[in-house]
Amino acid sequence: APEVTESDTAEVAGGLDVLQGPHAGRPALLIKLLRSMLGHAPEVVRGLKAAHAAQDFAMLTLNAHSLKSSAGNLGAQELAELCGRLEAAARAKTLAPCGPLLATIEVQVAALVKACDAGVATLESRVA
């Protein structure tokens, strides 16, 4: 697992627009969105790593696009941008940039998972 610092997590959490966005007053919806990301993101990263190892550009493109969309929906713009770059490299069947992008994405996702977990705990304490 990648090493995630507190500053990584704080930076990602600060970038989650969904917590301050139009749904900020709807904690049940926010909890659902954050839990969805908690379940989805690690699975997609595993898929990205497997696709990269197999040089399966179609699966790499699909998984990068999926994670880009999920990150964008939460307002995790930096992660969405990284996934967009990975998706473009995979579409172009250019393997060289994929490894470094994937390593950065893995750290970002780990930080995002921690931020989402903290977000769920905070929101649940507000509605309890």
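Each value in this text was obtained by applying a stated rule to the coordinates, not by laboratory testing. All values derive from a computational prediction rather than experimental measurement. Using ideal geometry, Cβ is built from the backbone for each residue, glycine included, and neighbour counts are taken over all protein chains shown.
Annotations
- Label positions at Leu95 and Ala28, each projected 7 Å from the Cα along the C-beta direction, are separated by 5.0 nm.
- Stretchable slack from Gln77 to Gln55, in nm (0.36 nm times residue separation minus alpha-carbon distance): 5.3 nm
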